[in-house]
Amino acid sequence: MKIILHVWRQKGRDAEGKLVRYECPNVSEHMSFLEMLDVLNEDLTARGEDPVAFEHDCREGICGCCGFVINGVAHGPMPGTTVCQLHMRHFKDGDELYLEPWRAMAFPVLKDLMVDRGAFDRIIAAGGYVSVSTGAPPDGNALPVPKSDAERAMDAAQCIGCGACVAACPNASASLFTSAKVSHLGLLPQGQPERHERALGMVRQMAIEGFGACGNIGECEAVCPKRISIENIARMHRDYLCAAFGERPHGETGSAG
Amino acid sequence: MNLDSRIPSGPIEKKWDNCRFDMKLVNPANKRKYTVIVVGTGLAGGSAAATLGELGYNVLCFSHQDSPRRAHSIAAQGGINAAKNYQNDGDSIYRLFYDTVKGGDFRAREANVYRLAQISVNIIDQCVAQGVPFAREYGGMLANRSFGGAQVSRTFYARGQTGQQLLLGAYQALERQIHAGSVKMFPRREMLDLIVIDGVARGIVTRDMVTGRFEATVADAVVLGTGGYGNIFYLSTNARNSNATAIWRAYKRGAAFGNPCFTQIHPTCIPVSGEYQSKLTLMSESLRNDGRIWVPLKKGDTRPSSQIPEAERDYFLERRYPSFGNLVPRDVASRNAKMVCDEGRGVGPSGFGVYLDFADSISRLGAETIRERYGNLFEMYDLITGEDPYTTPMRIYPAVHYTMGGLWVDYRLQSTIPGLFVIGEANFSDHGANRLGASALMQGLADGYFVLPYTIGDYLAQSKPAKADANHAAAREALDGAGALTRKLLGVKGKRSVDSFHKELGKYMWEYCGMARNEKGLEHAQGKIAALREEFWRNVNVTGEGEEINQALERAGRVADYLELGELMCLDAYQRRESCGGHFREEWQTPEGEAQRDDERFSHAAAWLYQGAGKTPERLVEPLAFEYVHPSQRSYK
Amino acid sequence: MSVGSAARSAAGARSAETSKLLGFYHSPVGKKAVMAVTGLIGAGFVIGHMLGNLQVFLGPEVMNAYGMKLHETPPLLYGARTVLLIAVALHIIAAVQLTRMNVQARPKGYAKWTPAGSSYASRTMRVSGPLLALFIVYHLLHFTSGVAHPNFRYQDALHKVPAPYENVVAGFANPVVSLVYIVAMILLMLHIHHGAWSLFQSLGLNHPRYTPALRSLARAASYALLIGNCAIPLAVLAGVVK
């Protein structure tokens, strides 16, 4: 089948960008979306043109590298799927598709469909961990964890950090990403001692990075390839409010070190 | 040169203790005066960088990804082994040690494997403390499953995403150190060379993948945790950007390369569907617990599976291995699948596939039970192939999954270049000639959390924190070399794309240095690869420029290295005139077609020492002594 | 409460508490919490307000007596007005600040954009909010102060107690005015449809078992507001209430 693409092309961070039209004449329905772009890039290379830059690595939906917006939906039309796992059988001959990078102030475009997601790492660095150094921790079974808590923690911990939630949110909020980590650790006994500091630190960092506020509209969970629920955002709000008004003391800094 | 494995003295269960006691310590106040470079942020590199930061060293951590969390360890599905014996089923450190040595077909160092089994216990505790959400029983205790044919339940898991959760644990520990300032992270940097000053590793040369700038960074020691080289086959289960460049360039600076031909081919992957295919997806090994593997009895039978009557099906694993059936080890299952496809009985459009059929299990256990066990895997299969495994049998075929070979290291994980340490899949590791399921995660974290942080301290304690100079002639030479190589790649301006060379190389590797190898094929492949390499440097087309994001350029550098490494792999496979584990030389097989070791002549690790461009590398030998586990013929009949 | 000077002069705990409060408000989560609490006050008020107004169907005596009663208990009337005024002011200030932040967070939009999971109401809060603010101003001038009402009547001219029944009937007799009110009630329905659920989310109140019910309840309340409030102008226009 034939697919017509309008791809965002931008030379570099500070360059102007524009949508450029390409035709992909021989698309097989068994191809993944990224394999279609591979073929396009081979054609562009043969013509001496600059191939389209896009991030990708594992191509099985777990590394979180890939992702762009297809016709206005982050990771494309299939729910619970990253673009690397999106196959062309879900499109039809003659489809016209607009490919754009994640758009957010906190995610500057580096080139074409690639953006800089370093802000996510800095949010994790602001408290997204349990402060335990390598050494002699207690036995793995010393603290029983109710199965349901472990399961819910795992639901949140599945986040792959792809950034689709930010891309889909009209406010470019990073609340789903941040709350997934706050929830993952907050649901486990190991995460309790720093639960409040973690919420404070990560929420603060989220604002410093220039992400917007959560409007609870739910676009993020609709595009999340791991189907992470906005229930986690409520939990983050709760931890933050408890930290701000609760009894437990909290310092200005995290307890890293 | 002699390979000194530095195995500590004493009985095997005391070796690691003795070694730790013998090691010199760095004064806590002095630790920050030592700078350590860690390349790679997977389970090994990430955990090492975090731990070294916690200890107080000044750590500089490099990754070619945008974030440490992207490393390919994230894709590991099944689990991580540990000799906890939580299930009270008779597991012990000794049993895990024994299984691993035997599973590796007696080509691993006993002392290393024992240490790995000892440390496995600490890893679980550490990860639980970090908040890794391992699967739990209803009572709140950690759950285990049996994996990869093991007879005890010692595998810890977090759904089908164990690697992801373990990596995120290490990543979070690393981010904590970055926040504390003890680790400085350099993302989107590709290591292009190792700086060796007076015979000692003192730094690396990197390219900033955004600006294209070359940078020389010096330190007191260098740690490589850059993963395996399975991507040399083009199609593999590895991530697309996993590469051998860091270890290959270190090899060319004098680090011996151990057992390069030891490659693991995983039997249950989704078959190739077309020429454009970029990657193969693994289906967890656990599927073989309930799926039956078969092909049609007749050659070239193109009927759909449902129309092939029971009498015309060949359940070849059950037929050949009545006692283990579909659960034979990975190398055996893979080889047999290849064999039936080579006979022309393969299924699917390409003819390279076998059925993995759940019909019997579904009628015996009900579709619901199967959904509970494998629902997410069936969904993934459906997503990729568009076929429903509940109604049509899955099609699977073996694919390259892991490389047991890598840079040779001694017991203390130091390579043949002093000051260069290699951890995780990047080293030639503890798995011998075949890795058991759920052991890769164990080894990566053992190296990073619990072995390297001690042994590197011993090395540093004996070397003064001398100010290495980024302007030293050796550093300048390495920096200029990396720049020149990049300009050379951009300057060829030929007709063929980088990927087309990579695909062609992959075909030779798969055909001649894949699941079955023979003398003629390996000779032939070496010639083919040499010719392809010659064409590459004459006819490769790398578009764009060096001072920008240029993914074609990145790939070109990696493929250039694969074109050299491929030849070494073939040479190693050629010289190892025996069959063992994943290395199957057709000339050496039992009458039943099983791998036949030659312990007389090949009970050793081979390590190759670079001798310069165009020269045959020197084959060094580290003899392997088996004092505790006595080599025997593996049999699964 | 003079926040700035108090924080500077008072030492120790009090200053720490104040800066904690400021820090809290500084974050988007804090601002959203303010939006939620003030929104809850507003939502509670509009429901009560509607129930009061529906007394119009019980005839002039009941309705006017209700108005009189409110005026005879100034603490209730002025207390409620003060709380409402502060709530609305804070709601608007926080909304403006959040909107600015959100616009900055997405400096460049998409050439093509397809909603994947959000409701129309949730996406249009930024539109329904300001329009409702304008409507409130008009509504106060219309029925409370009477400035925008062509024939505003009092039941007690001396104490300036308006006659709500007569004012409502006279006001809604004009179809244009009724239309303005009906449009505003559609906006209110949209605003409450999302807001009355969203506020619990902003306050961190989410429970897998109760949240779906809460969400349905919020929707039901928004529809009830639309029907109940629109019934009045429609009844006047239809001549049922005269």
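Hey, any hits in the stretch B:153-176 for a residue that's more than 23 Å from residue A:63 (Cα to Cα) and either of a type in the set (A, V, I, L, M, F, W, C) or open to solvent by 40 Å² or more (accessible area, probe 1.4 Å) (or both)?
Within the stretch B:153-176 (the criterion being more than 23 Å from residue A:63 (Cα to Cα) and either of a type in the set (A, V, I, L, M, F, W, C) or open to solvent by 40 Å² or more (accessible area, probe 1.4 Å) (or both)), the answer is no, since none of the residues qualifies.
With B:90, B:103 as the choices, which residue is more than 30 Å from residue A:162 (Cα to Cα) and open to solvent by 20 Å² or more (accessible area, probe 1.4 Å)?
Result of the check over B:90, B:103: B:90.
Out of B:496, B:538, B:487, B:555, which single residue is among the basic types (Lys, Arg), open to solvent by 10 Å² or more (accessible area, probe 1.4 Å) and within 23 Å of residue B:65 (Cβ to Cβ)?
B:555
What is the residue count in the stretch C:188-208 for residues that are more than 11 Å from chain A (Cβ to nearest Cβ) and either among the β-branched types (Val, Ile, Thr) or part of a loop (DSSP other than H, G, I, E, B) (or both)?
Counting residues in the stretch C:188-208 that are more than 11 Å from chain A (Cβ to nearest Cβ) and either among the β-branched types (Val, Ile, Thr) or part of a loop (DSSP other than H, G, I, E, B) (or both) gives 1.
Check residue B:334 against each of (1) under 27 Å from the mean Cα position of the chain (by Cα); (2) open to solvent by 20 Å² or more (accessible area, probe 1.4 Å) and name the one condition it does not meet.
Among (1) under 27 Å from the mean Cα position of the chain (by Cα); (2) open to solvent by 20 Å² or more (accessible area, probe 1.4 Å), the lone unmet condition for residue B:334 is (2).
Yes/no per residue for (1) out of contact with any strand residue (DSSP E or B) (no Cβ under 7 Å at 6 or more places or on another chain); (2) under 18 Å from residue B:257 (Cα atoms); (3) surrounded by 24 or more Cβ atoms within 10 Å (Cβ to Cβ):
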| position | (1), (2), (3) |
| --- | --- |
| B:423 | no, yes, yes |
| B:430 | yes, yes, yes |
| B:433 | no, yes, yes |
| B:440 | no, no, yes |
| B:445 | yes, no, yes |
| B:454 | yes, no, no |
| B:458 | yes, no, no |
| B:466 | yes, no, no |
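Anything in the stretch B:207-230 that is part of a loop (DSSP other than H, G, I, E, B) and closer than 20 Å to residue B:445 by Cβ? List them, or say none.
Answer for the stretch B:207-230, where residues must be part of a loop (DSSP other than H, G, I, E, B) and closer than 20 Å to residue B:445 by Cβ: B:225, B:226, B:227, B:228.
Looking only at the stretch B:263-313, count every residue that is of a type in the set (Asp, Glu) and either part of a loop (DSSP other than H, G, I, E, B) or buried (at least 17 other Cβ atoms within 10 Å of the Cβ) (or both) and tell me the total.
Residues meeting the conditions: 4.
Looking at (1) farther than 30 Å from residue B:84 by Cβ; (2) of a type in the set (D, E, K, R); (3) open to solvent by 10 Å² or more (accessible area, probe 1.4 Å); (4) more than 8 Å from chain B (Cβ to nearest Cβ), which is the one condition that is false for residue A:116?
All conditions pass for residue A:116, except number (4).
Checking the structure you have, find out if any residue of the stretch C:35-52 is touching a Leu at 6+ places or on another chain (Cβ under 8 Å), within 14 Å of chain A (Cβ to nearest Cβ) and either open to solvent by less than 30 Å² (accessible area, probe 1.4 Å) or free of Cβ contacts under 8 Å to residues at least 12 places away in the same chain (or both).
Yes; the residues of the stretch C:35-52 include at least one that is touching a Leu at 6+ places or on another chain (Cβ under 8 Å), within 14 Å of chain A (Cβ to nearest Cβ) and either open to solvent by less than 30 Å² (accessible area, probe 1.4 Å) or free of Cβ contacts under 8 Å to residues at least 12 places away in the same chain (or both).
If residue B:147 passes every condition in (1) modelled with pLDDT of 95 or more; (2) part of a loop (DSSP other than H, G, I, E, B); (3) among the hydrophobic types (A, V, I, L, M, F, W, C) but one, which one does it miss?
Result: residue B:147 passes all but (1).
For the stretch A:16-49, what are the residues that are more than 24 Å from the chain's Cα centre (by Cα) and open to solvent by less than 40 Å² (accessible area, probe 1.4 Å)?
Across the stretch A:16-49, the qualifying residues are A:20, A:22, A:24, A:27, A:28, A:40, A:41, A:44, A:45.
Kindly list, by first and then second residue, each pair from a residue in the stretch A:124-136 that is facing another protein chain (nearest Cβ under 7 Å) to a residue that is part of a loop (DSSP other than H, G, I, E, B) and open to solvent by 40 Å² or more (accessible area, probe 1.4 Å), limited to pairs with Cβ atoms under 7 Å and residues at least 6 apart or on different chains.
Close Cβ pairs satisfying both conditions: A:131/A:255.
Please go through the stretch A:8-27 and give me each residue that is farther than 15 Å from residue A:43 by Cα and either of a type in the set (Asp, Glu) or within 11 Å of another protein chain (Cβ to nearest Cβ) (or both), ordered by number.
If the condition is that a residue be farther than 15 Å from residue A:43 by Cα and either of a type in the set (Asp, Glu) or within 11 Å of another protein chain (Cβ to nearest Cβ) (or both), then A:8, A:10, A:11, A:12, A:13, A:14, A:15, A:16, A:17, A:18, A:19 are the ones that fit.
For the stretch C:68-112, name all the residues that are open to solvent by 60 Å² or more (accessible area, probe 1.4 Å), at pLDDT 95 or above, over 16 Å from residue C:132 (Cβ atoms) and of a type in the set (A, V, I, L, M, F, W, C).
Matches in the stretch C:68-112: C:83, C:86, C:103, C:111.
Given the criteria open to solvent by 10 Å² or more (accessible area, probe 1.4 Å), within 14 Å of chain C (Cβ to nearest Cβ) and touching a Lys or Arg at 6+ places or on another chain (Cβ under 9 Å), does residue A:78 qualify?
no
So, restricting to helices (runs of 4 or more DSSP H) that lie completely within the stretch B:456-545, which ones have at least 2 residues that are in contact (Cβ under 8 Å) with a residue 40 or more places away in the chain, on the phi > 0 side of the Ramachandran plot and not polar (S, T, N, Q)?
Once the helices (runs of 4 or more DSSP H) in the stretch B:456-545 are filtered for at least 2 residues that are in contact (Cβ under 8 Å) with a residue 40 or more places away in the chain, on the phi > 0 side of the Ramachandran plot and not polar (S, T, N, Q), nothing remains.
Taking residue C:153, is it open to solvent by 20 Å² or more (accessible area, probe 1.4 Å), under 19 Å from the mean Cα position of the chain (by Cα) and basic (Lys, Arg)?
No.
I'm trying to understand the selection: among the residues of the stretch B:314-324, which are open to solvent by 10 Å² or more (accessible area, probe 1.4 Å), within 23 Å of residue B:370 (Cβ to Cβ) and not in a loop (DSSP other than H, G, I, E, B)?
B:318
Restricting to the stretch C:159-179, count the residues that are part of a helix (DSSP H, G or I) and out of contact with any His (no Cβ under 9 Å at 6 or more places or on another chain).
Qualifying residue count for the region: 10.
What is the residue count in the stretch C:54-67 for residues that are of a type in the set (Val, Ile, Thr) and open to solvent by 50 Å² or more (accessible area, probe 1.4 Å)?
Total meeting the criteria: 1.
This table checks each residue for (1) within 9 Å of another protein chain (Cβ to nearest Cβ); (2) touching a Gly at 6+ places or on another chain (Cβ under 7 Å); (3) under 16 Å from residue C:33 (Cα atoms); (4) open to solvent by 10 Å² or more (accessible area, probe 1.4 Å).
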| site | (1), (2), (3), (4) |
| --- | --- |
| A:145 | yes, yes, no, no |
| A:171 | yes, yes, no, yes |
| A:182 | no, no, no, no |
| A:185 | yes, yes, no, no |
| A:206 | yes, no, no, no |
| A:235 | yes, yes, yes, yes |
| A:245 | yes, no, yes, yes |
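Consider the stretch B:43-75. How many of its residues are among the aliphatic types (A, V, I, L, M), at the interface with chain A (Cβ under 9 Å from one of its Cβ atoms) and buried (at least 24 other Cβ atoms within 10 Å of the Cβ)?
3
What number of residues within the stretch A:81-101 satisfy the criterion of being within 13 Å of chain C (Cβ to nearest Cβ) and closer than 21 Å to residue B:283 by Cβ?
1
Could you please let me know if residue B:405 is buried (at least 24 other Cβ atoms within 10 Å of the Cβ) and over 17 Å from residue B:49 (Cβ atoms)?
The answer is yes for residue B:405.
Quick check on my filter: what residues within the stretch C:156-170 are open to solvent by 70 Å² or more (accessible area, probe 1.4 Å) and either touching a residue at least 60 places away in the same chain (Cβ under 8 Å) or at positive phi (or both)?
C:159, C:160
The values are calculated or read from the model by the stated rules, or taken from the named source; none is laboratory data. For clarity, every value in this text was computed on a predicted model and none was experimentally measured. When we count neighbours, we look across all protein chains shown, and the Cβ atoms used for this are built from the backbone with ideal geometry, even at glycine. Each accessible area value is taken on the protein alone, full model and side chains, heavy atoms only, with ligands, DNA and RNA left out. Shrake-Rupley method; radii C 1.70, N 1.55, O 1.52, S 1.80 Å.
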